[in-house]
Amino acid sequence: MFVAILVAAVMIHADPLQSAFAAAHHDFLAKQIDKFAGSTADPAMIGKHFKAVRPLKDGQAYSGLPGDAFYTYEDGKLTLQFSVDDTPLTLAMGSPRHVVGAIGGRRIFLRNYVGSNAYGATRRVEVVKLDTDSLAMLDRPQGEVSPVQARIIANEPPELRDDTPLDRNTYFVEISLPGPQALKVALDSALVVEGTIEALDDGKLNLCKSNDSAPKIDAPTEIHGSDCWIGANVTRIAFIRKSTGEVLREWVK
């Protein structure tokens with residue numbers, strides 16, 4: 001009886017977005033093995049409220065957890081940034097475009113081996129499983145012009161500037177701090193994305209594609225996994241301090 005109550009409590013408090021992504025990756029892999037495999041994605045997830053809190057990765061490193069939220073530190077200024085991109089989810093002609101933002105995923109080391117190319121060069125290859133969780137944002141709070149792009153435009157001669165409105169697809173906060181304090185804040189910061197789960201334009205609960213890639217001499221990593229998208233109406237994007245809940249900056253729809 002106690003076990004049954006405990007399981008029920010876990011199900012009640014389960015993160016609906018995490019459950020939706022888990023079902024998406026599971027179903028995609030199952031259909032790669034058996035095209036007749038059924039779906040575990042639950043239509044009842046549509047309309048459910050979610051609040052995703054995700055850590056930031058080091059924007060000056062070449063690896064780490066998936067996600068488009070990162071931090072950088074330069075000239076005494078810590079920048080926390082999350083960018084989205086207007087893109088089609090498939091290569092099919094006429095595929096609808098969505099504003100997409102990767103908010104997390106999993107990177108799991110599987111094994112390694114020594115590989116070689118046709119010229120006899122050898123490298124130790126790392127094999128990893130890499131699954132990426134992304135939101136296809138059907139609606140969202142308006143962001144800002146990328147700070148890098150804004151600086152480039154500001155440094156251009158007036159006669160060369162283009163009057164075309166710049167994409168407001170970036171969410172960022174800049175904080176001036178000494179190095180040790182900046183690192184402490186960076187490691188204690190998180191991205192918050194809040195909203196409701198929605199069906200994609202075609203009525204599907206999710207969309208996934210393979211992200212498998214072969215190793216190269218200058219990039220000796222063999223990747224297996226999937227990129228999955230869940231439709232969402234995003235109502236809030238924010239950067240917070242995990243330890244205190246302090247809101248460093250937020251955008252609300």
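Run the numbers for residue 241 and residue 85: contour at 0.36 nm per residue of separation, minus the present Cα-Cα distance, in nm.
Separation in residues times 0.36 nm, less the Cα-Cα distance, equals 53.6 nm.
For the chain, what does the helix formula give at 222 nm: sum of -39500 (n - 2.57) over DSSP H segments with n ≥ 4, over the residue count, nearest 500 deg cm²/dmol?
Estimated from H runs of four or more residues: -5500 deg cm²/dmol.
Whole Å is fine, so just give me how far the alpha carbon centre of region 216-253 lies from that of region 66-129.
Value for the Cα centre distance between the two parts: 12 Å.
Can you classify region 21-113 as rounded, prolate or oblate using the Cα gyration tensor, where a ≥ b ≥ c are the square roots of its eigenvalues, rounded means a/c under 1.5, and otherwise it's prolate if a/b beats b/c and oblate if not?
Prolate shape, in that a/c is at least 1.5 and a/b is the bigger ratio.
Could you work out, for the chain, what percent of all Cα-Cα pairs fall into each 10 Å distance bin, beginning at 0 Å and stopping at the bin that holds the largest distance?
In whole percents, the pair-distance histogram is 6, 24, 30, 25, 11, 2, 0, 0.
Past 24 Å, Cα to Cα: identify those pairs from 48/253; 48/129; 129/242, in the order given.
48/129; 129/242
Give me the distance in nm between label points sitting 7 Å out from Cα along the Cα-to-Cβ direction at residue 218 and residue 114, one decimal.
About 2.5 nm, to one decimal.
What relative contact order, as a whole-number percentage, does region 2-252 give when Cα pairs under 8 Å and 6 or more residues apart are counted?
Worked out over region 2-252, it gives 23 percent.
None of the figures in this text is laboratory data; all of them are computed from the coordinates on show. Quantities reported herein were computed from a predicted structural model and do not represent experimental measurements. All Cβ positions, glycine included, derive from the backbone under ideal geometry; neighbour counts span all protein chains shown.
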